[in-house]
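See structure below.
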Amino acid sequence: MAVAVDTAFTTADVARTARLIAPHIVRTPLLRSAAEPWGTLHLKCENLQRTNSFKYRGAVSSLLHYSHEHGTSWQRILRYGMITCSTGNFGRALARVSQEFNLGCTIVVPEGIPVVKLNAILATNPDVELIKVPYEEWRRAISTSEYPGTRALFLSSEINHSVSLGNATIAMEVLQDLPDVDAVLVPYGGGNLAYSIASYLRAAGRDVPVFAVEVSTGAPLTASLRAGRPTDVEYRPSFVDGIGASFVIPEQFHRVKDLLAGTLVVSPEDVAETLASLAFTDKIVSEGAGAAAPAAASRYATEFGWKRACAIVSGGVIESSLLLDTLTPRTVPNTRLRSAA
């Protein structure tokens, strides 16, 4: 099956994509964090994007590109719909876009997908077809960009060229709003966001280091870069869903290994503290993966000496009870009642 594999793109390609998707997306703000000791950390708030994650950019970019090209892929989509693999956020984004375009949509999700993300997909588009499969079957599908038994077009969130162009508009906006940015920190799940941002900065001739941020409960890119090849690691589920896994997508690994400045690993405890800081100091509600990059900025800023770092807050889809459970132990002070004098 032919797959629309990503290739290198230019800043002009991304500028055209930005104009194409502008009527459909939110141009999210770049906010300077009020939290200490960050001081100069800037937050690109993709949690405020439509469907509450950066994934909407890539989803709408891909459908608009296909529809404008009027090629065989678009004819296939019109006839058979689309299918993708997702742990939640891209599935929700594609569900919304398919509803707006009146297209069929099937989303393959792994067993164990967070209920809040599953419900968000169905709430966005009740007509979407959901296929829940064992994790290893889901891993094969997302790694190969193929799913058996369907004539729908497989739309990869990780290697599709038009999806990458949509993601790269984030980097374009960062440079517009913070021209002297000296580092960009990106949560690393499937890897396309890191790839797209680093590719755009290189195409723009900017020597800005891009760091992939992983969580310590499953940091396969860190292990793979160390080994020089895709390497599996032990994975322990945590509230930091969306990143953290046992494996890297091999094709993605080979695309990012020479683009990135390296990886930064944070613990769930780091992320929980940052969720609280984002919520109470910056007034930003983030999911676990979305708080990973700001957590890395807080942990590593002194070591690297960043002065104008940008952290991508990639999404804000989190169950309210989970958010409260995560925040409460860190935000309720241990106080004593004092009697009046």
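The values are calculated or read from the model by the stated rules, or taken from the named source; none is laboratory data. All values derive from a computational prediction rather than experimental measurement. Note: ideal-geometry Cβ built from the backbone for every residue, glycine included; neighbour counts use all protein chains shown. We work out accessible area using only protein heavy atoms, side chains counted, and drop any ligands, DNA or RNA first. Shrake-Rupley method; radii C 1.70, N 1.55, O 1.52, S 1.80 Å.
Quick notes on this one:
- Among beta bridges that DSSP assigns inside the chain, antiparallel share in %, nearest 5: 20
- Lys, Arg +1 and Asp, Glu -1 on Cβ, resulting dipole of the stretch 127-203 about Cα centre, debye, nearest 20: 300
- Accessible-area rank, largest first, for 172, 82: 172, 82, with all protein chains present and a 1.4 angstrom probe.
- Residues 283, 117, ordered by accessible area of protein heavy atoms at a 1.4 angstrom probe radius and largest first, appear as 283, 117.
- Restricting the stretch 186-249 to chymotrypsin sites (Phe, Trp or Tyr not before Pro) that sit in a DSSP loop and have at most 10 other Cβ atoms within 10 Å of their own Cβ leaves nothing.
- Using the Cβ of residue 84 as centre and a radius below 12 Å, the other residues enclosed give a net charge of -1, where K and R count +1 and D and E count -1.
- Among 218, 288, 262: highest mean-square fluctuation, GNM of the chain, C-alpha pairs under 10 Å: 262
- Farthest toward the positive end of the dipole of the stretch 199-322, out of 253, 264, 209, is the Cα of 209, where the dipole comes from beta carbon charges about the Cα centre.
- Accessible area of the chain belonging to carbon and sulfur atoms, whole % at 1.4 Å probe: 51
- For the chain, accessible area per residue (1.4 Å probe, heavy atoms of protein chains only), Å²: 43
- Dipole moment magnitude, nearest 20 debye, the chain about Cα centre, only Lys, Arg, Asp, Glu C-beta charged: 460
- Projecting the Cα positions of 321, 196, 220 onto the charge dipole of the stretch 196-341 (unit charges on Cβ atoms of Lys, Arg, Asp and Glu, taken about the Cα centre) puts 196 furthest along the positive direction.
- Cβ charges +1 (Lys, Arg) and -1 (Asp, Glu), total dipole of the stretch 125-277, debye: 520
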